[in-house]
Amino acid sequence: MKSVLTVCRIELGRVLSLKPAFSVLIVATIIYAVLYPQPYRTEALRHVPIAVVDLDGTDSSRELARRVDASADVAVVAVLPDQTSAEREVHARNLFGILVIPQYFERDLLHNRQSPVALYADASYFLIYQRISGGVTAVAKTMGAEVETARLIAARVDPRIAAAASDPMPLTAVPLFNPQGGYATYILPAAFILIMQQTLLIGVGLLGTYRNDALKTGPAASIGPISVVAGKLLAYLILEAVVMPFYLIVIPYLYNIPRLGTPLSIFIFALPFVLAVSALGLVIAGLFRSPLTVQLVSAALGIPFLFLAGFSWPTEAMPPLLHAIATVLPSTSAINGIVAVSQLGAPLPYVRQPFLTLWILAAVYTVIAILLESRGRQRLAAKA
């Protein structure tokens, strides 16, 4: 145990003294925590600019345009005389959609005929398209239901029956665990776990590739591979004991992200995650002996890790090979489990599978790290 604590003390000292590792493990962690959530502070897109081309010019067409502009999702910033002018504004990226109200819009409504409106929305940015389409569709359906209800009432139908006939199956949507329906509530908890993995992975990899003279001279030179790996893992666990509460508890509190889980359950689940990532970092350091190679490999794997993590695209919808690769990444199980525990308030027995997967990954990567450490010592002994 004394040898493990000795290695732990040496490794913590290297974190503070080695500038590349300090920059990644401490400075980058702070920078990500401050800057990354800023673009998502508004939670959801609001007032996406569109143009209205009113070819009817009646009270009904102006009422439709007014209601669309009054919605929280869409803002009518221009009323243009023709569709060609509106298309030029969309191509210039000044607008993201065009609502075309056809000629005879009001006349068709008064004659109990369908009067379709046309919506052209920029689908190259899916979130913008979703907001425009959803906002305009909701307004059009509401106004259409009101027109149909008024027609039935004019035909001497009971108002309650008329309202039920125009909307026979009203839908009440209740967003669970994300009451604002916001993007930040969805993306930030998963992204924070991925950030912790990347910074820890790169930092551990850099520490493992730089010279560690403290373990090669004096009494520490006789410490075995198992104690060396255990001491390093303990050092990284102590370091992440400060980082994890900040990312998983403090920042969600500051940004009002739903948090139904207890700190204890979050810490219990995060323990194998930190061990698995730290051990994987030691494996990468053992395979790639150059600090530059570790940085290049880690940077190249960042985007694949993002897409394999399972929150930008479900892992169940991935090909079997990619699904298997995602399973061996600690972030995949950590995102599924920590988000369920912290945001959804799930008890640990309900996340048993990702929890056990993380422990298995931690054990496998630790064994590989010990073997690589032993092989590295044998190589040095052979050279001596």
Could you tell me which of rounded, prolate or oblate describes region 48-166, using a ≥ b ≥ c as the square roots of the eigenvalues of the alpha-carbon gyration tensor, with rounded for a/c under 1.5 and, failing that, prolate when a/b is larger than b/c and oblate otherwise? prolate
How long is the gain from V27 to Q353 if the chain were fully straight, where each residue apart is worth 0.36 nm and the alpha carbon distance is subtracted? 114.0 nm
Efficiency by 1/(1 + (r/R0)^6): what FRET value for R93 and L237, r their Cβ-Cβ distance, R0 = 56 Å, to the nearest 0.05? 0.70
Check V74: other-chain or 5+ apart residues with amide H under 5 Å from its amide H, H built from backbone geometry? H47, V48
Short version: ³J(HN,Hα) in whole Hz for each residue of region 96-104, in order, from phi by Karplus 6.51 cos²θ - 1.76 cosθ + 1.60 (θ = phi - 60°), x for Gly and Pro, what are they? 10, x, 9, 9, 9, 9, x, 5, 6
Of S166, L55, L109, farthest towards positive along the dipole that unit charges on Lys, Arg, Asp, Glu beta carbons give region 48-166: S166
Might you tell me the accessible area per residue for the chain, computed with a 1.4 Å probe and given in Å²? 53 Å²
Name the residues whose placed amide hydrogens come within less than 5 Å of the amide hydrogen of A346, ignoring near sequence neighbours (fewer than 5 apart) on the same chain. V341
Would you mind checking the tilt of helix 291-308 against the longest principal axis of the Cα atoms of the chain, expressed as 0 to 90 degrees and rounded to 10? 40 degrees
Using alpha-carbon positions, what is the distance between the centroids of region 296-338 and region 144-215, in Å? 21 Å
Most fluctuating residue given options A279, A138, A65, as computed from a GNM of the chain linking Cα atoms under 10 Å: A138
Select from L18, L358, L237 the residue whose mean-square fluctuation is largest in a Gaussian network model of the chain (Cα-Cα springs shorter than 10 Å). L18
Quick one: if the Förster radius is 25 Å, what FRET efficiency do R211 and K2 give, using the C-beta to C-beta distance and rounding to 0.05? 0.55
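Please compute the contact order of region 52-138 in relative form: average sequence separation of alpha-carbon pairs under 8 Å and at least six residues apart, divided by the residue count, as a percent.
Rounded, it is 34 percent for region 52-138.
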Tell me the relative contact order for the chain as a rounded percent, counting alpha carbon contacts under 8 Å between residues six or more apart. 19 percent
From the phi of every residue in region 125-136, what ³J(HN,Hα) in whole Hz does the Karplus formula 6.51 cos²θ - 1.76 cosθ + 1.60 yield, where θ is phi - 60° and glycine or proline is x? 10, 5, 5, 5, 4, 4, 5, 5, 4, x, x, 5
Whole-Hz Karplus ³J(HN,Hα) for region 151-156, in order, using 6.51 cos²θ - 1.76 cosθ + 1.60 and θ = phi - 60°, x for Gly and Pro? 5, 5, 5, 5, 8, 6
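Given charges of +1 on the Cβ of Lys and Arg and -1 on the Cβ of Asp and Glu, with all other atoms neutral, how large is the dipole of the chain about its Cα centre, in debye to the nearest 20? Mind showing how you got there, number by number?
Numbers: 28 positive and 22 negative charges, 438 e Å.
It works out to roughly 2100 debye.
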How long is the gain from T293 to L306 if the chain were fully straight, where each residue apart is worth 0.36 nm and the alpha carbon distance is subtracted? 2.7 nm
What nm distance separates the two modelled labels at I226 and T84, each placed 7 Å from Cα along Cα→Cβ? 8.3 nm
Take the solvent-accessible surface of the protein heavy atoms, probe 1.4 Å, and return the percent of it on the chain that carbon and sulfur atoms account for. 66 percent
With every protein chain left in place, what is the accessible area of R46 in Å² (1.4 Å probe, nearest 10)? 120 Å²
Going by amide H atoms built from the backbone, whose H comes under 5 Å of the H on V79, apart from near neighbours? V52
Alpha carbon Rg of the chain, scaled by the compact-globule rule 2.2 N^0.38 Å: 1.37
Along the charge dipole of the chain, Cβ charges K/R +1 and D/E -1, which of V76, L152, Y210 sits furthest on the positive end? Y210
Grab the Cα-Cα distance for Q103 and R62, subtract it from 0.36 nm times how many residues apart they are, and report the gain in nm with one decimal. 13.5 nm
Partner aspartates and glutamates for K141 [C-alpha distance under 12 Å; skip if fewer than 8 residues away on the same chain]: D167
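The values are calculated or read from the model by the stated rules, or taken from the named source; none is laboratory data. Note that the structure is a prediction, hence the values are computed from the model and not measured. All Cβ positions, even for glycine, are placed from backbone atoms using ideal geometry, and neighbour counts span all protein chains on display. SASA here: full protein model, heavy atoms, side chains in, ligands and nucleic acids out. Shrake-Rupley method; radii C 1.70, N 1.55, O 1.52, S 1.80 Å.
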